[in-house]
Amino acid sequence: MTEEFVPKRVFFEPKALEYPLGKTLVESFRALQIPVTPTSSHNRVTGIPGNNPAQAYREAKGTLVIGVRRSEKFQTCKPSAHYQLPLVTSCPGMCEYCYLATTLGKKPYVRVYVNIEEILEIASKLIGERSPEITYFEGAATSDPIPVERYTGALKKTINYFGRERYGRFRFVTKFTDVDSLLSASHEGHTRFRFSLNCDYVVNRFEHLTPSPEKRIVASGKVLNAGYPLGFIFAPIFRFPGWEAEYQHLLERTAEELTRLAPQGWSSEQLTLEFISHRYTLKAKANIQEIFPNSLLPMVEEDRKFKYGQFGYGKYIYPPEELEELKEFFAEQVKTYFSLAKVEYFI
Ligand code: SF4
């Protein structure tokens, strides 16, 4: 699949028609001959087919729900930001290790909210409460917001809004590459655009229905060229035969593209990097095996070290010597390709 998400079916809350965006969306999906049906609540949608968990999951990922977000509150988002900024929920991608899989349940249909102005008003209030301290908002805590951007324009509105906000900052992360409409936004350096990257070996096996690493790298070059603060999350990092060469190539190619497209005066000092080695909980493993019965994800407890988690969920991480080797390897790569970048963490 390409990064162009076209839903198989659409549901809408009747209330969404009271907003110009809701009306336009419903009309344009009808014009595309996509089945469009009302639903009483965007939180409880019935009518998504699927006789088993794998099918239900796949069908949900092709379903778009147009709703009105009513909550007056934003969830907190420690430690990366102060608050989540909810513009979209879920994403049409099918990464086997999706970080939303456990929170979104069996039918993670894609939800967009048409009352963007009201959502941004809540952000304004929260910024006001903390000013002159800067308040940070995360736009990808419950979604990948890019695939539906071509329909809603919500991200661009939000980026423009933060461009005008003296005390507010926005950040989000994506694996998608449909970024052209955002290149002209008036971001004023207040939005950090992050890409989630991995090597071909990993993306080809586990990140179904998402763009290739090369496409993501090309998109990141455009974003950098448009003057956005840029970041990369390398996650999840795996060990497999030949991992060193694959990851080395990934960083080398990324550095090459950024050097080609960086605006004058840019230095890797302005780049943030995050590294997350692969880990899993038994709950996530059970989920993954249900949705992807033929998964090749390496999840063998004997090969890992058990680490107690904060909320009673222990994680299986790479054993210390293997983790250390990964850490040293990536530190070396950063030194070679992005010597001044800020490494936020390696876990
Ligand atoms: S792109 Fe991100 S949000 Fe979408 S399925 Fe993959 S991990 Fe989940």
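No other residue among 58, 30, 70 is open to solvent by 50 Å² or more (accessible area, probe 1.4 Å), out of contact with any Asp or Glu (no Cβ under 6 Å at 6 or more places or on another chain) and within 16 Å of the ligand (Cβ to nearest atom) apart from 58. Could you say which residue among 176, 162, 137 is away from the ligand (no atom under 16 Å from the Cβ) and either surrounded by fewer than 17 Cβ atoms within 10 Å (Cβ to Cβ) or touching a residue at least 60 places away in the same chain (Cβ under 8 Å) (or both)? Of the residues listed, the single one that is away from the ligand (no atom under 16 Å from the Cβ) and either surrounded by fewer than 17 Cβ atoms within 10 Å (Cβ to Cβ) or touching a residue at least 60 places away in the same chain (Cβ under 8 Å) (or both) is 137. If you filter the stretch 73-109 down to residues that are under 25 Å from residue 287 (Cα atoms) and in contact with a Pro (Cβ under 7 Å, 6 or more places away or on another chain), you find that the one that is surrounded by the fewest Cβ atoms within 10 Å (Cβ to Cβ) is 106. A Cβ distance below 6 Å, combined with a sequence gap of six or more or placement on separate chains, defines the contacts here; from the stretch 243-267, residues that are farther than 17 Å from residue 204 by Cα reach residues that are open to solvent by 40 Å² or more (accessible area, probe 1.4 Å) and assigned to a helix (DSSP H, G or I) in the pairs 251/337; 255/337; 261/225.
Considering 260, 216, the condition of being farther than 23 Å from residue 159 by Cα and at pLDDT 95 or above is satisfied by 260 alone. There is at least one residue in the stretch 207-226 that is part of a helix (DSSP H, G or I), touching a strand residue (DSSP E or B) at 6+ places or on another chain (Cβ under 8 Å) and among the charged types (D, E, K, R). Within the stretch 184-202, being open to solvent by 50 Å² or more (accessible area, probe 1.4 Å) and either in a loop (DSSP other than H, G, I, E, B) or among the charged types (D, E, K, R) (or both) holds for 184, 186, 188, 192, 200. For residue 155, the test of being open to solvent by less than 20 Å² (accessible area, probe 1.4 Å), at pLDDT 95 or above and away from the ligand (no atom under 16 Å from the Cβ) is failed.
Filter the stretch 111-132 down to the residues that are open to solvent by less than 20 Å² (accessible area, probe 1.4 Å) and either in contact with a Lys or Arg (Cβ under 7 Å, 6 or more places away or on another chain) or of a type in the set (S, T, N, Q) (or both) and list them by number. Correct list: 113, 115, 116, 119.
Can you tell me which of (1) over 23 Å from residue 103 (Cα atoms); (2) in contact with a Ser or Thr (Cβ under 6 Å, 6 or more places away or on another chain); (3) open to solvent by less than 20 Å² (accessible area, probe 1.4 Å) is the one residue 167 doesn't meet? With (1) over 23 Å from residue 103 (Cα atoms); (2) in contact with a Ser or Thr (Cβ under 6 Å, 6 or more places away or on another chain); (3) open to solvent by less than 20 Å² (accessible area, probe 1.4 Å) applied to residue 167, the lone miss is (3). Restricting to the stretch 178-222, and then to whatever is among the charged types (D, E, K, R) and more than 29 Å from residue 291 (Cα to Cα), can you tell me which residue is nearest to the chain's Cα centre (by Cα)? The extreme case among them is 192.
Take the residues in the stretch 77-120 that are part of a strand (DSSP E or B) and more than 13 Å from the ligand (Cβ to nearest atom); name whichever of them is nearest to residue 136 (Cα to Cα). Top of the filtered list is 83. Here the stretch 20-70 is the region considered, the condition is being basic (Lys, Arg) and in a loop (DSSP other than H, G, I, E, B), and the residue that is nearest to the chain's Cα centre (by Cα) is 69.
The values are calculated or read from the model by the stated rules, or taken from the named source; none is laboratory data. Model, not experiment: these values are computed from the prediction. For neighbour counting, all protein chains shown are included, and Cβ atoms are generated from backbone atoms with ideal geometry for every residue, glycine included. Surface areas here come from the heavy atoms of the whole protein model, side chains and all, with no ligands, DNA or RNA. Shrake-Rupley method; radii C 1.70, N 1.55, O 1.52, S 1.80 Å.
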